[in-house]
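Read the figures in this text as sums done on the coordinates, not as results from a lab. Please read all numbers here as calculations on a predicted model, not as lab measurements. Using ideal geometry, Cβ is built from the backbone for each residue, glycine included, and neighbour counts are taken over all protein chains shown.
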Amino acid sequence: MSILLYANNANTTLQSNITSSQSTITVATGTGGVFPTPSGNSYFYVTLTDSATETVREICLCVSRTGDILTVQRAQQGTTAHTFVAGDYVAQLVTGGDLNNLIQIDQLQSGKYTFATGGGTANSITATLNTNFGAPFNGLALTVTAPAANTGAATLTLTMGSTVQPAYPIIKNENQPLVANDIPGANFPIELVWSSAFSAFVMTNPATSVVANIAGGAAHEILVQTASGATGFIPAPTGSGQVLVGYNGSDITWQSAAVTSFNGRAGAVTPQTGDYTADQVGAVSTASVTGANQQLANTGYQVLPGGLIIQWGSATVPQPSTITFPLAFPNACFMVVGSNNWDQSGITSAVFGWTQTYFQCNRTYNLSWIAIGN
């Protein structure tokens, strides 16, 4: 990598004569500091001009400076090496070479330094990149057009400037080789980033993805993060209809009842103190108050959630009479109330005894009654 260095108004004179082949020049004492200080792959251009006519000029490349001594490469940018004498001018001027090293808008948008037309074959691609680098570096990004759709693993032989690189593999995510049609066809733009870790070009836009298993875990388990930087698995449910419930302080578990609203709380069910049990939730379902739990007729009954039973009836019966409940109370009959619909004297039927299966009355013509128990 080469970096151009610049300084404002950097100019001085030669301290001593130089020949046309001399690679070090000494400037006037104490004036070397007006120029940049190259290091590594950085440098700057300096122009020598004769002071007598100001018509003899030579551009040099300064690759190192120590105080007032400049180490240079002579006759740059198409100029010719000359002899110069003490007092001739030494200055950092704007040159054509400087300006040509600057990227212009059109060059940037056209990808002049990041785009290359691919050649070679479908799986052995070649390309030339306009660059001053002699080898790929980590993170180098470029786009190469494909010569054809690939049929398997592929390589790229890249010429960087004038230096031909080895045939490096083209890989995709998880360091996987390309498979057929990852490059779908001719002229497809292959987006590549050089990876020093893999010594390969990573294709960031393959047409197919990478399928891989995560180590550990069994069928239908869920991958979770169990701690910072650590992962684990939630075991698979043990029965159908189970739902995932919240963290209980040690793990995440499954719950059999799939309830979408729980004690007034919407969303997934997370048991809390005071919540109904699963049995209690099921007890308020429609099925618990229909079917065998009710008989909707002239003589009938209704079993309510919690076990309360209401029974009723209406019939013309002799007096005194024993009336059998349509449904025996499993535990107890709390009360029975009866009414005589034909007695206009206002005297109601006298219910004087009951059990879990029947009750008795001593005044009956057209009886209507209701009983409550459990």
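Could you grab the relative contact order for the chain? Cα pairs under 8 Å, six or more apart, rounded to a whole percent. Numbers along the way, then the final one.
Details: 775 pairs, mean separation 29.4, N = 374.
Relative contact order comes out at 8 percent.
Which value results when the Cα radius of gyration for the chain is divided by 2.2 N^0.38 Å?
On the way: Rg = 48.7 Å, N = 374, 2.2 N^0.38 = 20.9 Å.
This ratio for the chain stands at 2.33.
For L5, what charge total do you get from the other residues with a beta carbon under 14 Å from its beta carbon, if Lys and Arg give +1 and Asp and Glu give -1? Spell out each step's value before the answer.
Values: positive: R65; negative: D98.
So the environment of L5 carries a net charge of 0.
Full extension from S16 to F352: what is 0.36 nm times the residue separation minus their Cα-Cα distance, to one decimal in nm?
Working: separation 336, 0.36 × 336 = 120.96 nm, distance 14.19 nm.
Stretched fully, the S16-F352 segment lengthens by 106.8 nm.
Expressed as a whole number of Å, what is the distance separating the alpha-carbon centroids of the stretch 287-346 and the stretch 175-190?
Here the two parts' Cα centres lie 82 Å apart.
Using a simple spin-label model with points 7 Å from Cα along the Cα→Cβ vector, what separation in nm is obtained for Q109 and T24?
For the pair Q109/T24, the computed spacing is 5.0 nm.
Cut-off is 10 Å between beta-carbons; in what order do D88, D98, D251 appear when sorted fewest neighbours first?
Numbers: D88 20, D98 16, D251 11.
Going from sparsest to densest Cβ surroundings: D251, D98, D88.
Could you compute Rg(Cα) / (2.2 N^0.38 Å) for the stretch 105-203, with N its residue count? Intermediate results must be reported in sequence, preceding the final value.
Numbers: Rg = 12.6 Å, N = 99, 2.2 N^0.38 = 12.6 Å.
Scaled against compact globular proteins, the figure is 1.00.
Where in the stretch 127-170 is the amide nitrogen less than 18 Å from a point lying 7 Å along the Cα-to-Cβ axis of E191?
Counting only backbone N, you get 139-146, 170.
Provide M160, M335 in ascending order of the number of other Cβ atoms located within 10 Å of each residue's Cβ, fewest first.
On the way: M160 21, M335 11.
So the residues, fewest neighbours to most, are M335, M160.
What nm value, rounded to one decimal, do you get for the distance between T208 and S39 when each label is placed 7 Å out toward the C-beta?
Reported label-point gap for T208 and S39 is 5.1 nm.
Taking 8 Å as the Cα distance limit and 6 or more residues as the minimum spacing, I'd like the relative contact order of the stretch 292-373 as a percentage.
Working: 187 pairs, mean separation 29.2, N = 82.
Across the stretch 292-373, relative contact order equals 36 percent.
Find out how many positive minus negative residues lie around G32, taking Lys and Arg as positive, Asp and Glu as negative, among other residues whose Cβ is under 11 Å from that of G32.
On the way: positive: R65; negative: D68.
Residues near G32 contribute 0 overall.
Rounded to whole Å and sorted largest first, list the principal axis extents of the Cα atoms in the stretch 292-373.
40, 23, 18 Å, listed from the longest principal axis down.
What ³J(HN,Hα) values, in whole Hz, does the Karplus curve 6.51 cos²θ - 1.76 cosθ + 1.60 give for the stretch 289-305 when θ = phi - 60°, with x put for Gly and Pro?
Along the stretch 289-305, the couplings run 10, 10, x, 5, 8, 8, 9, 8, 8, 4, 10, x, 7, 9, 9, 9, x Hz.
Would you mind ranking L223, L327, L156 so that the residue whose beta carbon has the fewest other beta carbons within 10 Å leads the list? Working shown, then result.
Details: L223 12, L327 19, L156 26.
So the ranking, lowest neighbour count to highest, is L223, L327, L156.
Assuming R0 = 30 Å, can you tell me the calculated FRET efficiency for the pair V56 and N132, based on Cβ-Cβ distance, to the nearest 0.05?
Numbers: r = 30 Å, r/R0 = 0.99.
The computed FRET efficiency comes out at 0.50.
Have a look at the DSSP beta bridges in the stretch 167-240 and tell me what percent are antiparallel, nearest 5. Write out the running numbers ahead of the final one.
Working: 11 of 13 bridges.
Bridges in the stretch 167-240 are about 85 percent antiparallel.
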